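Values quoted throughout were computed directly from the atomic coordinates according to the rules given, and no laboratory measurement underlies them. In this text the structure is predicted, and so the values were computed from the model without any measurement. FYI the Cβ positions are ideal-geometry reconstructions off the backbone, even for glycines, and counts take in every protein chain you see.
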Amino acid sequence: MMGPGPLFVIVGALALVTAVGMVLARNMVHSALFMVSHFGLTAILYLLLSAPFLAAAQVIVYAGAIMVLFLFVVMLLGDAESTLSEPIAGHRPASILALLVLGAALVTVASRGVPAAGGGALPEGFGSPGQVGEALYTRWVLPFEIVSVILLVAMVGAVVIAHFRRRAGARP
Amino acid sequence: MIPLAVQIPANGPLMLAAVLFTIGAAGVLLRRNIIIVLMSVELMLNAVNLTLVTVSHALASLDGQIFVFFSLTVAAAEVAVGLALVVALHRSLGSTDVDAASSLRD
């Protein structure tokens, strides 16, 4: 099997660096900016894996909507000092041990890869908006409609949770 | 469409996604700021999406990509509700530390 393309290696390495930066950054705004660059790099990976529609959706939903939400809340709440206290004794070493086991197991399973069907010959226009849309509106039309209900419920829930607590707190 | 796409063997992206998932789990377990924890959950979801797109590419089947579309929607809903909870938590406790919310009563 041929080695991974040079573009994939570069983008993948950058995605790793931004992910580590996001978890390690002291400043929450830095974390959010690392996150948006990570999601942008993932969109490029989707392009390389012939999913152009998902790449566009990734940029719009993650790098657009989710990013704005996160930055808005960070700005609203201010940059609280991050405590480094350990609530349960030995929590941190135990976590790191569990993470090492998890990472080793996942990477071992992933390194086997998946058997490529049809020798990697993809149909014309694979993953294009037309093909994804056709699949969404024929075979997957019921889940598609259910997802719209999920979005509606989430919207109502977010408004209720963020709004009613304040009114209840202001009354007494 | 993109010539580079054919050259990528599946295990490279799969291993990358596995490492990204572990990094996200590390953020959830080790960071104490609830906003960073939410971001790390997003990172884990994103790693799973990358796995699905990779397998979809390797098997030449669109189903994986459709599933990523749904998981993208659920992630957006999760962030909206999660951040609303963070705002409510910050109002009642004045803190965004995950250990501040350790009591069931007011």
³J(HN,Hα) computed for each position of region B:96-101 - Karplus, 6.51 cos²θ - 1.76 cosθ + 1.60, integer Hz, glycine/proline x: 10, 8, 5, 7, 5, 8
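Would you mind working out the magnitude of the charge dipole of the protein assembly as shown relative to its Cα centre, with +1 at each Lys and Arg C-beta and -1 at each Asp and Glu C-beta, to the nearest 20 Debye? Mind dumping the intermediate values first?
Numbers: 12 positive and 12 negative charges, 115 e Å.
The dipole of the protein assembly as shown has a size of about 560 debye.
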Overall form of region A:121-162 per C-alpha gyration tensor (a/c, 1.5; a/b vs b/c): prolate
Label zone at A:L16 (point 7 Å along Cα-to-Cβ), backbone N below 13 Å, region B:11-36: B:12-23
Per-residue ³J(HN,Hα) for region B:83-92, Karplus 6.51 cos²θ - 1.76 cosθ + 1.60, θ = phi - 60°, Hz, x for Gly and Pro: 6, 4, 5, 4, 5, 5, 5, 5, 5, 8
³J(HN,Hα), Karplus 6.51/-1.76/1.60, whole Hz, each residue of region B:62-76, x for Gly, Pro: 6, 4, x, 5, 4, 5, 4, 4, 5, 5, 4, 5, 5, 4, 5
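Does chain B come out rounded, prolate or oblate, given a ≥ b ≥ c as the square roots of the eigenvalues of its C-alpha gyration tensor, rounded meaning a/c under 1.5 and, failing that, prolate meaning a/b above b/c? All intermediate terms of the calculation are to be shown ahead of the outcome.
Values: a/c = 4.03, a/b = 2.37, b/c = 1.70.
The shape class here is prolate.
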Percentage of interatomic Cα-Cα distances in the protein assembly as shown larger than 28 Å: 41 percent
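With charges only on Cβ, +1 for K and R and -1 for D and E, what is the dipole size of chain B about its Cα centre, in debye, rounded to 20? Each step should come with its number before you reach the end.
Numbers: 4 positive and 6 negative charges, 27 e Å.
About 120 debye.
Relative contact order (percent) for region A:6-78, with alpha-carbon contacts under 8 angstrom and 6 or more residues of separation?
Values: 59 pairs, mean separation 21.0, N = 73.
Relative contact order, region A:6-78: 29 percent.
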Region B:39-80: C-alpha pair distances exceeding 15 Å, %: 39 percent
Ordering of A:65-71, A:23-29 by burial proxy (mean other Cβ atoms within 10 Å per residue, highest first): A:65-71, A:23-29
Given charges at Cβ of Lys, Arg, Asp, Glu: the protein assembly as shown dipole, positive-most of A:V11, A:F72, B:P13: A:F72
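Based on the mean of other Cβ atoms within 10 Å per residue, sort peptides B:15-28, A:98-111 so the most packed one is first.
Details: B:15-28: 23.3, A:98-111: 14.8.
The most tightly packed comes first, giving B:15-28, A:98-111.
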